[in-house]
Amino acid sequence: MFRRLREFRTTQTVRDTHSEVSLHPTDFIHPFFVVSGQGVRKEIGSLEGVYHLSVDELLIDIAVLQELGIDKVLLFGVVEEHLHSAEGGYSADENSPVVLAVAAIKKDFPKMTVMTDICICGYTDHGHCGFVQDEVVLNDESLPALAEMALAHARAGADYVAPSAMMDGQVWAIRQLLDQHGFHAVRIMSYSAKYASSFYGPFRDAVDSTPSFGDRKTYQMDFRNRSQALWEVEADLQEGAVATMVKPAMCYLDIASNIKRTYPQIPLAGYHVSGEYMLIKHAAKAGAIDELKALEEVFYSFKRAGIDWIISYAARSFVQSMSDARVV
Ligand code: PBG
C-alpha cells in the first residue's frame, strides 16, 4: 500500500486549495532611497530598477504603491559627500531628505505606514555604523546619535523607526529618548538578527556607506551562529522593540523559522537584501531563470519560514505582475 500525495497537485485549483501560505500586497515593505532636490529620479548603477528619488518623485511612487495595496515603506537617506562627517551628525538634521520625506508622505498619504532606517553609516565619512576611535567602532558613545536620528524621524511623523546599526543598547537608547519627548506611539522595528554579509554590496554603493577600513564583523552577527539570533531578539524585545527582523533573508530561513517559533506574537520582517535581489536580476538577464517565478518562490519560502513582512526592492513590480495575473 502506498499513499497518493499527487492528489494534492492535480490542478491549479486543487493546489490553491491545499496551499499552506499566501502572499498579499500588505505582506510587503517597500524600501526607498531619498535624496535632496527636485525632480530627481536616478537609477542606482549597482541596483537595477531602484532609484535615488527626491521627495516630489517619491510621492509619485507612493501613490502607485497605495493603488497596488502596498501599505508600508522603509526610507533610507542618501546625502552628498560634503554632508558626511566623523560623527554623521547630519543623520539627525531636520532638513535631511528622510525627515522631509516622512513629513511629505504622512501629509499626502496618512494611511501609509512609514518606517525609517536608523543608522549613521550613510552619514559618516568612514562609513561605519557608529563612532570610531583608533579604528575601533565604539558602542555606548554611538547610542545618542542613533537616538537623536530616531527622534528627528519621530518628530516628522514616522510610524516606526528601524535601528540597523547593531550597537548594543540601541533599542533601549531610542525608546528612552522617544518616551522622554512623548513619542510613546512611535514603534521600534529592530534589525535584531543582522548578519555581517557580503550580500549588502550593491546597497553600500547606493548609499555610499562602504567602510573606509575594516569590515562590520565586530558588530554585525557572525553567520556561523543560529541560537545567538534568539538572544539578539530577546534583548531587543526587552529594550522595547515591537517588531523584529532577520537580514539577509534567503540564506537565513532557519534563523527566521527559529525566531517565529520562539516569538510567534512578534511581527517578523525578512530583508531580501540588495545582493539577493541582484542575484536574481543577473541570473534572469543571463537567461538562467525567470525573474518573477524565482521571486515568487523566494517570497513564498519567506512566508513558509514564518516571515510576516517582506522587505524587497522588487515589491512594486512583483505585486504589479501578481495582480495583473490575479494571483494576489
Ligand atoms: C545600514 C544598512 C545596510 C543595509 C540596510 N541598512 C547596510 C550595511 O549594514 O552595510 C543593507 C540593505 C541591503 O543590502 O539591501 N546599516
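Every number here is computed from the coordinates shown, using simple stated rules; none is lab data. In this text, all values refer to a predicted model and were calculated from it rather than measured experimentally. Virtual Cβ from ideal backbone geometry, glycine too; neighbours counted across all protein chains shown.
Computed about its Cα centre, the charge dipole of the chain is approximately 1620 debye, with only Lys, Arg, Asp and Glu carrying charge at their Cβ.
Out of every Cα-Cα pair that the chain contains, those further apart than 39 angstrom amount to 11 percent. Close amide-amide hydrogen proximity is noted between SER46 and no other residue 5 or more places distant or on a separate chain, at a cut-off under 5 Å (H modeled in the peptide plane; Pro and chain starts excluded). Counting only alpha carbon atoms, the long axis of helix 253-262 and the longest principal axis of the chain meet at about 80°. Dimensions of the range 60-148 along the principal axes, based on C-alpha atoms and rounded to the nearest Å, stand at 50, 24, 18, largest first.
Which entries of LYS111/LYS217; LYS217/LYS293; LYS217/LYS285; LYS111/LYS303; LYS42/LYS285; LYS107/LYS247 have Cα-Cα distances beyond 28 Å here?
Numbers: LYS111/LYS217 38 Å; LYS217/LYS293 34 Å; LYS217/LYS285 32 Å; LYS111/LYS303 24 Å; LYS42/LYS285 21 Å; LYS107/LYS247 31 Å.
Among LYS111/LYS217; LYS217/LYS293; LYS217/LYS285; LYS111/LYS303; LYS42/LYS285; LYS107/LYS247, the Cα-Cα distance tops 28 Å for LYS111/LYS217; LYS217/LYS293; LYS217/LYS285; LYS107/LYS247.
Within straight-line reach of LYS106, meaning a Cα separation under 19 Å, sit the following lysines at least 8 residues removed in sequence or on another chain: LYS72.
With kT/(6 pi eta Rh) evaluated at 25 °C and eta = 0.890 mPa s, and Rh the Kirkwood radius from Cα pairs, the range 142-232 diffuses with a coefficient of 170 µm²/s according to Stokes-Einstein. Remark: the range 187-312 is approximated by an ellipsoid whose semi-axes, taken from the C-alpha gyration tensor as √(5λ), come to 25, 20, 12 Å, largest first. Rounded to whole numbers, the Karplus 3J(HN,Hα) couplings from phi for the range 103-118 are 4, 5, 5, 5, 6, 8, 9, x, 7, 6, 7, 10, 10, 10, 6, 10 Hz, using 6.51 cos²θ - 1.76 cosθ + 1.60 with θ = phi - 60°, and x at Gly and Pro.
Across the chain, the relative contact order, built from alpha-carbon pairs under 8 Å that are at least six residues apart, equals 17 percent. By the rule of a C-alpha distance below 14 Å, with chain neighbours fewer than 8 residues away ignored, the aspartates and glutamates paired with LYS260 are GLU232, GLU234, ASP308. Of the residues TYR271, TYR123, TYR263, the one with the fewest other Cβ atoms within 10 Å heads the list, and the complete ranking is TYR263, TYR123, TYR271. Between the helical axis of 170-180 and the longest alpha-carbon principal axis of the chain there is an angle of about 70 degrees.
For the range 1-62, the relative contact order is 23 percent, taking Cα pairs closer than 8 Å that sit 6 or more residues apart in sequence and dividing their mean separation by the residue count. Our estimate of slack between SER257 and ASP125, defined as 0.36 nm per intervening residue step minus the Cα-Cα distance, is 43.8 nm.
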